[in-house]
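The structure appears below as structure tokens.
The values are calculated or read from the model by the stated rules, or taken from the named source; none is laboratory data. No experiment lies behind these values; they were computed from the predicted model shown. Neighbour counts are summed over all protein chains in view; Cβ atoms, including those assigned to glycine, are modelled from backbone coordinates with ideal geometry.
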Amino acid sequence: MAPELLMNSPAVTEASLADFMMADIWAFGMVVFNLINPGLQHPYELNMKNHVRTPLILFQEFARKNERPVMQSKYESLQSGEWAGLKNTFELCTTFEPLSRPSIKN
């Protein structure tokens, strides 16, 4: 879920369709993350290791800190080589400022 939707911001209740489309871009970025980290079950798996709080509380914390999911180091050479374009797409789509994310046309 996009960070802006997790934060219970008043802006969410007044969000337009375009705002929710930016959340879809974030979700697409998370799908790309899964493609370039095939050994993980979900995007924030490594970030959540050794935490006892509920996932929702952790995700809200990550959103407040602008913390992206940690990538698997075992795929680092592929992520900086063959998969570099995908990694770049992930980074662009998961910008914490929704208006800075690319549009679906990009």
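Results, tabulated for the structure shown:
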quantity	calculated
Criterion (in contact (Cβ under 8 Å) with a residue 40 or more places away in the chain, of a type outside the set (Gly, Ala, Ser) and not in a helix (DSSP H, G or I)) met by exactly one of Met21, Met1	Met1
Conditions (1) in contact with a helix residue (DSSP H, G or I) (Cβ under 6 Å, 6 or more places away or on another chain); (2) free of Cβ contacts under 8 Å to residues at least 12 places away in the same chain; (3) polar (S, T, N, Q); number of the one not met by Gln79	(2)
Candidate set: region 82-106, residues that are of a type in the set (Gly, Ala, Ser) and closer than 14 Å to Val32 by Cβ; chosen: the one surrounded by the fewest Cβ atoms within 10 Å (Cβ to Cβ)	Gly85
Qualifying positions in region 1-34 - among the small types (Gly, Ala, Ser), under 13 Å from Thr95 (Cβ atoms) and at pLDDT below 95	Ala2, Ala23
Failed item in (1) modelled with pLDDT of 95 or more; (2) part of a loop (DSSP other than H, G, I, E, B); (3) not polar (S, T, N, Q), with Phe90 passing the rest	(2)
Complete set of residues in region 35-54 that are touching a helix residue (DSSP H, G or I) at 6+ places or on another chain (Cβ under 7 Å) and at pLDDT below 90	His51
Inter-residue pairs, beta-carbon under 8 Å, first touching a residue at least 24 places away in the same chain (Cβ under 8 Å) and more than 13 Å from Asp19 (Cβ to Cβ) and in region 93-105, second among the β-branched types (Val, Ile, Thr) and part of a loop (DSSP other than H, G, I, E, B), 6+ apart	none
